[in-house]
Amino acid sequence: MLKTLELKHQYDAKVKFEFPDIICETKQTLLVLGQSGVGKSTLLHILAGILPPSSGQVFIEDSSLYKQNPRALDRYRGSHIGLVFQKPHFVQSVSAQENLALAQRFAGHPVDKNKISHLLTSLNISHRSEAKTFSMSQGEQQRLSIARALINEPKVILADEPTSALDDKNCEEVLALLETQAQAAGAALIIVTHDNRLKDLFSHQVTLN
Amino acid sequence: MHLIKLAWKNLIHNPLNLFLNLILLTLGIGLINFILLMNTQLKDKFEKNLGGVNMVVGAKGSPLQMILSSMYHIDSPTGNISIKEGTPFLREGHPLIDLSVPLSLGDNHKGYRIVGTDHSILKLYDAKLAEGKLWNNLYEVTIGSRVAEELGLGIGAQFTSSHGFNHDEDLTHDHGVLTVKGILKPTGSVIDLLILVSTESVWAVHEDHDHEGHDHEDHSDHDHSADETHQGHDHSDHGHNHGDHDHSDHSGHDHDDHTGHDHAGHDHDEHQHDGHDHSGHDHSGHDHSEHNHQNDLSRSHLLTHGDKDITSILVKFKNPKNFQVLQLPRNINENTDLQAASPAYEINRLYDMMGTGTKALQLIALLIAIVSALSIFVSLLNSLKQRKYELSLLRVMGGKPTSLLTLILIEGLLLTILGYIIGMLVSHIGMSGLGQNLEEKYNYEFVPWVLHGKEGLLLGATLLLGTIAALIPALMAYGTDIHKNLSQG
């Protein structure tokens, strides 16, 4: 469960965002819609524990995210928050499954090879586990980044424009995958996007302006 | 641990960069280590062979050349001196002299120098017999351990000496067949490379073979600095064709008979050694047919041959700091036809001369090391730019800023450690190559696979270099702004 309270962020005198309070229960999906420049990325990064807001609070499971010290916040982020980027980024020098192993290690967990192969199988990319990420197709990369977001069984999954680069067919597939995996993991799923195709697919949504 | 693994994967992910950096590091570190290795070994060789000798007395010429030839056996002598001239130093009971060693040089066997001397030389280098006995009689030799090992000579082995200092079949003295009587234990000093005979054996070999009244003094006046010394004068001419002088009795004399000392019927009195004065020489009338090569090795006996020549005298003083002792070399140089030189001084002069070259090399090595640090710096910085999302990603996945700092530092250090290891290997391989070359030329053994004691220091310097090169990129990684980086992509 994630909720926010009176979040505000100010970069400088001119650029200044105020966000509506949002709440997303476990196994629920929240769609955050907004055009460019309304602070989508800012909100996403605040929710992800990357960017401390100027004021207001983020609660995950009733604990305030930014009340932790920076070190603990890094750990917490790795362990409990899964991020899916618009353009998948990976560690180029290691293979697909090693990328997942790194996600476990950096979050402070031991490497669980069974879990990795299980996850890769459920996302249908187990045959690519030894491949370097740059040799994978876009669809495979998108699945791998979902796998990475899920590997530590996070409480919240944040997806940043996960569909804007995809055609309709792939868009539906990825959304279905995100939803089923988030529900299977018992996580709250928040999708931040300007992609209007998604507007009618989710009942729970917030629009930024 | 996983950071080291990741750092390694990152390095090999960019093989061209890795290759370039390693080449530069290997060159820099390898060159530095090679110089260190070379210097310590040379110094070691020079110092071990000083043997406590404070002064060398020989014929006038280059003092360094005299030291090199008499103490290190790597150059030709400056000339000869007569026993008469050297008597003050050779005589026993000199108030200032602890030990003096006469040397007669001029012959070799397969490149190993034959040194005519007495047993006092053993004291200089602390040499002891491994087997057999010391040289006593004419044509008896005791050989150094390396000579025995390299030439495969054992007790009882016989060989002929050759004129000069380089192995040359044409210059073999067929008359002087030498017999190995003893082998010395290894000492690590130059005596391991020597073939020791009595002074008189050296004379005898040359007398037996003294064609065209060509005496030893003439020989040493030849330009020995041109390496192939004796090729200049045509020995094939007198290659036992004694036509030049009156050896009429020799005609039909089969020289092969002489191997094994078969001097039977070979009456020395019948030789007409023109211009060769045997008077006052105990050996005149010496009957070779009896094979009675008795040889008195005592110093007083040597001094009876006042008109004979030796090459030089190594002198060890009782008290090297004595005022008179300090004046002695100068007195000799100013007041006699002899030359006196201090090995320590001449070797220091040699170091100074080599020092310029070594310094230039060191400077180049240092420059390469600095360039390699720059190259590491630039390639880390470049990779940082390419990897800014990756580094942000590591932070998103739970990595601390210090994890990124450590990661980049490890990348720099791994590179330098690898460069250090390869540089070490390459320098030792280079040393073994050069060592072999030097061994062929001078018989000196260079040990390529030894430590010189400064490896730790060099490793420390290498790690420092890696740290400095990686520090700024590492700090930049530490300060990665995840929000900014991810917003851009």
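The values are calculated or read from the model by the stated rules, or taken from the named source; none is laboratory data. Keep in mind the model is a prediction, meaning the values are calculated, not measured. All Cβ positions, glycine included, derive from the backbone under ideal geometry; neighbour counts span all protein chains shown.
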Limited to the range B:46-55, what total is found for residues that are not aliphatic (A, V, I, L, M) and not in a helix (DSSP H, G or I)? 4
When the range B:42-74 is examined, which residues are found to be of a type in the set (D, E, K, R) and in contact with a strand residue (DSSP E or B) (Cβ under 7 Å, 6 or more places away or on another chain)? B:60
Quick check: anything in the range B:436-454 surrounded by 16 or more Cβ atoms within 10 Å (Cβ to Cβ), closer than 27 Å to residue A:45 by Cβ and either in contact (Cβ under 8 Å) with a residue 60 or more places away in the chain or more than 14 Å from chain A (Cβ to nearest Cβ) (or both)? no
Could you tell me which of the residues A:16, A:87 is surrounded by fewer than 16 Cβ atoms within 10 Å (Cβ to Cβ) and facing chain B (nearest Cβ under 10 Å)? A:87
If we ask which residues in the range A:144-192 are at pLDDT 90 or above, of a type in the set (D, E, K, R) and assigned to a helix (DSSP H, G or I), their number turns out to be 2
Which condition number in (1) buried (at least 21 other Cβ atoms within 10 Å of the Cβ); (2) in contact with a helix residue (DSSP H, G or I) (Cβ under 6 Å, 6 or more places away or on another chain); (3) away from chain B (no Cβ under 14 Å); (4) more than 22 Å from residue B:485 (Cβ to Cβ) is the one that residue A:96 fails? (3)
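So if I check each of A:34, A:108, which one is at pLDDT below 95, closer than 25 Å to residue A:147 by Cα and among the small types (Gly, Ala, Ser)?
Details: A:34 fails: closer than 25 Å to residue A:147 by Cα.
None of the others qualify; the one that does is A:108.
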All but one of (1) modelled with pLDDT under 90; (2) closer than 30 Å to residue B:82 by Cβ hold for residue B:342, so report the exception by its number. (1)
Being touching a Ser or Thr at 6+ places or on another chain (Cβ under 8 Å), in contact (Cβ under 8 Å) with a residue 12 or more places away in the chain, over 30 Å from residue B:147 (Cα atoms) and more than 14 Å from chain A (Cβ to nearest Cβ) is the requirement here; does residue B:25 meet it? yes
Go through A:82, A:78 for me and flag whichever is under 24 Å from residue B:403 (Cα atoms) and at the interface with another protein chain (Cβ under 7 Å from one of its Cβ atoms). A:78
Looking at the range B:353-403, which of its residues are within 14 Å of another protein chain (Cβ to nearest Cβ) and among the aromatic types (Phe, Trp, Tyr)? B:389
Among residues of the range B:7-54, those that are in contact with an Asp or Glu (Cβ under 9 Å, 6 or more places away or on another chain) and more than 30 Å from residue B:445 (Cβ to Cβ), counted: 5
Residue B:69 - would you say it is more than 14 Å from chain A (Cβ to nearest Cβ), touching an Asp or Glu at 6+ places or on another chain (Cβ under 6 Å), crowded, with 21+ Cβ neighbours inside 10 Å and hydroxyl-bearing (Ser, Thr, Tyr)? yes
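Of the residues in the range B:455-489, how many are within 14 Å of chain A (Cβ to nearest Cβ) and in a helix (DSSP H, G or I)?
So the count comes out to 9.
Any chance you could count how many residues in the range B:86-100 are crowded, with 21+ Cβ neighbours inside 10 Å and more than 15 Å from residue B:318 (Cα to Cα)? Can you show your working first?
Quick first cut of the range B:86-100, residues crowded, with 21+ Cβ neighbours inside 10 Å only: B:86, B:89-90, B:97, B:100.
Narrowing the set further to residues that are more than 15 Å from residue B:318 (Cα to Cα) leaves B:86.
So the count comes out to 1.
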Would you confirm, using the coordinates I've provided, whether residue A:37 is facing chain B (nearest Cβ under 10 Å), without any contact (Cβ under 8 Å) to a residue 40 or more places away in the chain and on the phi > 0 side of the Ramachandran plot? no
Can you pull out every residue in the range A:104-140 that is buried (at least 18 other Cβ atoms within 10 Å of the Cβ), within 13 Å of chain B (Cβ to nearest Cβ) and farther than 24 Å from residue A:155 by Cβ? A:133
Going by the structure shown, is residue B:36 of a type outside the set (Phe, Trp, Tyr) and in contact (Cβ under 8 Å) with a residue 12 or more places away in the chain? yes
Given the criterion within 30 Å of residue A:171 (Cβ to Cβ), part of a helix (DSSP H, G or I) and either more than 7 Å from chain B (Cβ to nearest Cβ) or touching a strand residue (DSSP E or B) at 6+ places or on another chain (Cβ under 6 Å) (or both), identify the matching residue among A:101, A:72. A:101
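Taking the residues in the range B:305-361 that are among the small types (Gly, Ala, Ser) and closer than 19 Å to residue B:49 by Cα as candidates, determine which candidate is surrounded by the most Cβ atoms within 10 Å (Cβ to Cβ). Step through it out loud before you land on a result.
At the first step, the residues of the range B:305-361 found to be among the small types (Gly, Ala, Ser) are B:306, B:312, B:340-342, B:344, B:355, B:357, B:360.
Filter again for closer than 19 Å to residue B:49 by Cα, leaving B:312, B:340-342, B:344.
Working: B:312: 28, B:340: 22, B:341: 26, B:342: 18, B:344: 16.
The selected residue is B:312.
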Residue by residue through the range B:455-468, note down the ones that are surrounded by 16 or more Cβ atoms within 10 Å (Cβ to Cβ) and touching a Ser or Thr at 6+ places or on another chain (Cβ under 8 Å). B:462, B:465, B:466
Tell me yes or no: at least one residue of the range B:472-482 is over 23 Å from residue B:9 (Cα atoms), of a type in the set (A, V, I, L, M), surrounded by 20 or more Cβ atoms within 10 Å (Cβ to Cβ) and outside the structural domain of residue B:144 (by TED's automatic domain parsing). no
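Check B:467, B:462 and return the single one that is at pLDDT 90 or above, farther than 27 Å from residue B:392 by Cα and β-branched (Val, Ile, Thr). Let's see the steps before the verdict.
Working: B:467 fails: farther than 27 Å from residue B:392 by Cα.
Result: B:462 is the single residue among B:467, B:462 that is at pLDDT 90 or above, farther than 27 Å from residue B:392 by Cα and β-branched (Val, Ile, Thr).
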